[in-house]
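What follows is a short report on a single structure.
Each reported figure results from applying straightforward, stated rules to the coordinates on display, with no laboratory input. Keep in mind it's a predicted model, so treat the numbers as computed, not measured. Cβ sites come from the backbone with ideal geometry, for glycine too, and all protein chains shown count toward neighbours.
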Amino acid sequence: MHQPRRRDRRLARRVPSEPAQRRSFRLTAVGADVVLVGYFSAKQKDFETLMASAATELGARGARVVAQIVQRRGVSDGGVQKMGLPFSSRTLLSYGKVREVSRTCDQADADAVIFVASLTERQQRTLTDILGRPAVSLSDILATD
């Protein structure tokens, strides 16, 4: 009897063909409509001030903030140790909040989504795919100027 062929279960090493570069979204058009999203710990009491200053910075660069959404991470049983971690390593936010951001973007016909927190490249790609518009962090936009 012949045995089925078994595949080698070792993972192949991936060698990047080019050095990885962070893609940053540039607000080139004056009057671009953006949705501003903040991710804050429940311990951070001045989140409203941070959101207002981020909206002011974007306004100074020619963007128009059409909506602001805040995800606050509350304290729960066992959650104190995880306060520094995002809800999801893929999207930073909880699944329900990502759906809320998507609905808001569609209703406001936003051009981009700007996150006050910094995003990894994976989070940027995933959120851009889910939301259907560029998702970038505020620090990337401020660094381009």
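The listed peptides 40-53, 95-108, ordered by packing as a protection proxy, come out as 95-108, 40-53 (highest mean of other Cβ atoms within 10 Å first). Charge dipole of the stretch 89-142 (Cα centre as origin; +1 on each Lys and Arg Cβ, -1 on each Asp and Glu Cβ, all else neutral): 240 debye, rounded to the nearest 20.
Between T144 and R99, full extension at 0.36 nm per residue minus the direct alpha carbon distance yields a gain of 13.3 nm.
At full extension, A42 and D109 could sit 21.1 nm farther apart than now, given 0.36 nm per residue minus the alpha carbon distance.
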